[in-house]
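The values are calculated or read from the model by the stated rules, or taken from the named source; none is laboratory data. Because the structure is a prediction, the values reported are computed rather than measured. Methodologically, a virtual Cβ is constructed for each residue, glycine included, from the backbone with ideal geometry; neighbour enumeration extends over all protein chains shown.
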Amino acid sequence: MDAPNAHALNTHPNAAPVGPPLLNASIAELVARARAMLVAGQRRMLGITGTPGAGKSTLCAALAAALGDEVAIVGMDGFHLANQELVRLGRRDRKGAPDTFDADGYAALLERLRAHPQQTVYAPTFSRDLEESIGSAVPVAAGTPLIVTEGNYLLLGDGAWSRVRPTLDAVWFLAPPEDLRLARLIARHEAHGRSEAEAAEWVNRVDQGNARLIEATRDRADLIVQLSD
């Protein structure tokens, strides 16, 4: 496995910090880059991260459509704590923050997928219609050569989240223009039942706080990606 963030290491005492390279690419070019990760007889694991509304799910859908049986998509969002549990913990009004997920469960799944590539493993998914996770909904077939996992907190270094990055061969951080990202985010919340005012309030109060936390992790990525299409 590649050493995480090896590009950022710089031992010269007067050298300026070096961050991940920036790539402006089309989805087709990213599909080709993902396909190039495939190695016969090996399992590779790719993380797709970025702030809310960055386009992670859209890119993953394109990778799935292009690579077919060679890829399995495993989402971090399948590890949302149930709404009932969030109410019990007093966290329902900020669902999506790092402590509203089962980070240990997510890390354990990635470790299992890494360690046992010849086993069929079942992963959960998240239903935006139900606003709940559904267990064992995503079969990852034995021998699948590429696992793509997407989510906000792949590069977070706190607690159980710190176990995620070492399981991944590469992580791409999606960084669209901010106005586009916010417009997508508000439209997503409206599509799932919030009014325009409610959507904007949630984005400002919850999503933007999470976005600042995620943005602070971008230097741990291997590549910063701006989609050209």
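Odds and ends about this structure:
- For segment 139-156, the candidate set comprises residues that are over 16 Å from the mean Cα position of the chain (by Cα) and not small (Gly, Ala, Ser); within that set, the residue that is surrounded by the fewest Cβ atoms within 10 Å (Cβ to Cβ) is Pro139.
- No other residue among Ala191, Ala199 is crowded, with 20+ Cβ neighbours inside 10 Å, free of Cβ contacts under 8 Å to residues at least 60 places away in the same chain and either over 19 Å from the mean Cα position of the chain (by Cα) or over 14 Å from Val74 (Cβ atoms) (or both) apart from Ala199.
- Listing of helices (runs of 4 or more DSSP H) fully contained in segment 49-138 that carry 3 or more residues being at pLDDT 95 or above, within 25 Å of Trp172 (Cα to Cα) and not aliphatic (A, V, I, L, M): 103-115
- Of the numbered criteria (1) closer than 20 Å to Leu110 by Cα; (2) in contact with a helix residue (DSSP H, G or I) (Cβ under 6 Å, 6 or more places away or on another chain); (3) surrounded by fewer than 16 Cβ atoms within 10 Å (Cβ to Cβ), the one Gly19 fails is (1).
- For segment 208-216, the count of residues that are surrounded by fewer than 21 Cβ atoms within 10 Å (Cβ to Cβ), closer than 21 Å to Leu59 by Cβ, among the β-branched types (Val, Ile, Thr) and touching a Phe, Trp or Tyr at 6+ places or on another chain (Cβ under 8 Å) is zero.
- On the stretch given as segment 22-42, residues that are exposed (fewer than 11 other Cβ atoms within 10 Å of the Cβ) and either at pLDDT below 95 or in a helix (DSSP H, G or I) (or both) total 3.
- Enumeration of residues in segment 63-98 that are of a type in the set (S, T, N, Q) and either exposed (fewer than 12 other Cβ atoms within 10 Å of the Cβ) or within 20 Å of the chain's Cα centre (by Cα) (or both): Gln84
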